[in-house]
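*Asks:* The structure is given below, and queries will be raised subsequently.
Since every read-out is calculated from the coordinates, none of them should be taken as a lab result. Note that this is a predicted model, so its numbers are computed, not measured. Glycine also receives a Cβ, built like all others from the backbone with ideal geometry; neighbour counts cover every protein chain displayed.
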Amino acid sequence: MQVRGVPMWDGAQRAALRMVLLAVGSAAMISGAMAFDGTLGTVAIVVAMGVLVFEGLR
């Protein structure tokens with residue numbers, strides 16, 4: 001479907017793009033947290049995985 005020459009993305013494509021962006025953001029957050037402290041990095045990993053699982057269930 002196109003509206004004024006702009007292709008529209010369906011729901012699955014938007015969800016896939018959202019997951020990719022969340023994964024990239026999570027990787028950046030984890031690497032930054034690991035640079036500060038190993039324990040903080042572990043917490044960041046758990047939080048990032050929780051966010052990805054929550055978004056995957058949506």
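*Asks:* If I filter the stretch 21-37 for residues that are touching a Phe, Trp or Tyr at 6+ places or on another chain (Cβ under 8 Å) and assigned to a helix (DSSP H, G or I), do I get at least one hit?
*Replies:* no
*Asks:* Taking into account only those residues within the stretch 8-20 that are surrounded by 11 or more Cβ atoms within 10 Å (Cβ to Cβ) and in a helix (DSSP H, G or I), which is nearest to the chain's Cα centre (by Cα)?
*Replies:* Among those residues, the one meeting the criterion is M19.
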